[in-house]
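The values are calculated or read from the model by the stated rules, or taken from the named source; none is laboratory data. Just so we're clear, the structure is a prediction, and the values are computed from it rather than from any experiment. Every residue, glycine among them, receives a Cβ derived from its backbone with ideal geometry; neighbour counts consider all protein chains shown. SASA here: full protein model, heavy atoms, side chains in, ligands and nucleic acids out. Shrake-Rupley method; radii C 1.70, N 1.55, O 1.52, S 1.80 Å.
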Amino acid sequence: MNETSPGDEAVAQAARRLQRAAADHVPCPPVRDLIGSDDVKAAYAVQELLTARRLEAGGRVTGRKIGLTSPAVQKQLGVDQPDFGVLFDDMSVADGGCVPVGGLLQPKVEAEIAFVLGADLADGPLDDAQIRAAVAHAVPALEIVDSRIADWDITFGDTVADNGSSALYVLGAPARPLAEFEPVEATMTLTRGDETVSSGDGAACLGDPLTALGWLARTARDFGDPLRSGQVVLSGALGPMVPAAAGDAFTAEIGGLGSVSVRFHTSSDEGA
């Protein structure tokens, strides 16, 4: 870290605070008192430390998630760039599956386009043509975001340190190659039961979900951990995120692509 960044001990303290909140299921205060609100290097250092601990515990990386792709949200947090988090195998939920709310703190749902890579994005120019060619297929997705930080009181530094406020993800069907589907032209409707609770389109995601994927590919390579074939990339929300509670059932319809759904329940629910 450079000399103006927080030291290793501050990074370690921030990681411990977030890890304890996750383990105890009790949201914690923000970590910006330790690492600052907008120190990119320090925030990702916390995320990397938590990722390393998760890998040491047997976790397996399945891909990445991109966040802060909406200009409005960027403006709200005072940043001019997206962020990313790491997806792990135990974060995947089956399409139409049930999620126990007791395992989460303050969950919200957002609808996205997920890309599954058919080639590494480690070498070459990582230009638009290479990014598009690397996508094996796209699928509709739901991201269940969650913050270990109380009341979602987050800045850029807080959410990056907290693995992009990630929790779980759901991949829907069908899988379509980009020859059959243009992400920027997609429309999205998210319903909770019979009520439409969010809507948007591909342009809401950094102008084009493939632009978001390109940003991530270049950023991940700069961090020394490039995207690899077979990995899933959640490209960013197509509309506002919506709070989730026990008894809620969400379905996202993404025009030209397909649908994806998930339900939330308490641990005592029958048939969970």
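In vacuum, with every alpha carbon of the chain counted as one equal point scatterer, what does the Debye formula give for log10 I(q)/I(0) at q = 0.09, 0.15 Å⁻¹? Two decimals, please.
Once normalised to I(0) and log-transformed, intensities are -0.38, -1.12.
Need the C-alpha centroid separation for the range 147-185 versus the range 59-94, integer Å.
Between the Cα centres of the range 147-185 and the range 59-94 lies a distance of 5 Å.
State in Å² the accessible area per residue of the chain; use a 1.4 Å probe, count heavy atoms of protein chains only, and round to the nearest integer. Don't skip to the answer; put the middle values down first.
Working: 11530 Å² over 272 residues.
In whole numbers, the chain has 42 Å² accessible per residue.
Net charge around VAL197, counting only other residues with Cβ within less than 12 Å of its Cβ (Lys, Arg = +1; Asp, Glu = -1)? Mind showing how you got there, number by number?
Details: positive: LYS108, ARG192; negative: GLU110, ASP194, GLU195, ASP248.
Net of charged neighbours comes to -2.
List every residue whose amide H lies under 5 Å from the amide H of THR62, counting only residues 5 or more places away in sequence or on a different chain, with H placed 1.01 Å from N in the peptide plane.
For THR62, the qualifying residues are LEU87, PHE88, ASP89.
Can you tell me the mean projection area, over all orientations, of the convex hull of the range 57-138's alpha carbons? Units nm², please.
Projected over every direction and averaged, the Cα hull of the range 57-138 covers 8.1 nm².
Comparing THR251, THR69, THR219, which has the greatest mean-square fluctuation in the GNM of the chain with Cα pairs linked when under 10 Å apart?
Evaluated over the chain, the most mobile residue of the options is THR219.
Using the Cα centre of the chain as the reference point, and only Cβ charges (+1 on K/R, -1 on D/E), how large is the resulting charge dipole? Debye, rounded to the nearest 20.
Values: 20 positive and 39 negative charges, 77 e Å.
Approximately 380 debye in magnitude.
Using only the Cα atoms of the range 23-177, what semi-axes does the equivalent ellipsoid have when each is the square root of 5 times a gyration tensor eigenvalue? Give whole Å, largest first.
Its equivalent ellipsoid spans semi-axes of 25, 20, 16 Å.
Given Cα positions, please report Rg to Rh for the range 97-186, the hydrodynamic radius being the Kirkwood one.
Values: Rg = 16.1 Å, Rh = 15.3 Å.
Taking Rg over the Kirkwood Rh, I get 1.05.
Where does the charge balance sit around LEU34 when Lys and Arg score +1, Asp and Glu -1, over other residues with C-beta under 11 Å from its C-beta?
Result for the local shell: -1.
Give, rounded to the nearest 20 debye, the magnitude of the charge dipole that the range 152-248 has about its Cα centre when Lys and Arg contribute +1 at Cβ and Asp and Glu contribute -1 at Cβ. Show your work: numbers first, answer last.
On the way: 5 positive and 13 negative charges, 73 e Å.
The calculated dipole for the range 152-248 is roughly 340 debye.
Could I have the simple spin-label model distance between GLU48 and ASP153, label points 7 Å from Cα toward Cβ, reported in nm to one decimal?
2.9
Given the options GLU112, GLU143, GLU180, which has the most mean-square fluctuation in a GNM of the chain, springs set between C-alpha atoms less than 10 angstrom apart?
Maximum among the listed residues: GLU180.
If you build a Gaussian network model of the chain, linking Cα atoms that sit under 10 Å apart, which residue out of PHE84, PHE250, PHE223 swings the most?
The residue with the greatest mean-square fluctuation here is PHE223.
With runs of 4+ DSSP H residues as the only contributors, calculate the mean residue ellipticity of the chain at 222 nm using -39,500 (n - 2.57) per run, divided by the residue total and rounded to the nearest 500. Mind showing how you got there, number by number?
Working: 7 runs with 72 residues, N = 272.
That comes out to -8000 deg cm²/dmol.
In a shell of Cβ-Cβ distance under 14 Å around ALA179, excluding ALA179 itself, what net charge do Lys and Arg (+1) and Asp and Glu (-1) give?
Details: positive: ARG132, ARG176; negative: GLU180, GLU182, GLU185.
So the surrounding residues net to -1.
Positive end of the charge dipole of the chain (Lys, Arg +1 and Asp, Glu -1 on Cβ, about the Cα centre): tell me which of LEU257, VAL86, LEU216 has its Cα farthest that way.
Looking along the dipole axis, the top candidate is VAL86.
Percent of accessible area on the range 1-85 owned by carbon and sulfur, 1.4 Å probe?
Numbers: 2250 of 4490 Å².
Of all accessible area on the range 1-85, carbon and sulfur atoms account for 50 percent.
Post the alpha-carbon centroid distance, the range 1-52 to the range 209-267, in whole angstrom.
Between the Cα centre of the range 1-52 and that of the range 209-267, the gap is 24 Å.
Mind checking the log10 I(q)/I(0) for the range 118-272 at q = 0.10 Å⁻¹? Debye, one equal scatterer per Cα, no solvent, two decimals.
Debye output, listed in q order: -0.40.
Can you give me the Kirkwood hydrodynamic radius for the range 189-270, using every pair of distinct Cα atoms, in Å to one decimal? Intermediate results must be reported in sequence, preceding the final value.
Working: mean 1/r = 0.0670 Å⁻¹.
14.9 Å is the Kirkwood radius here.
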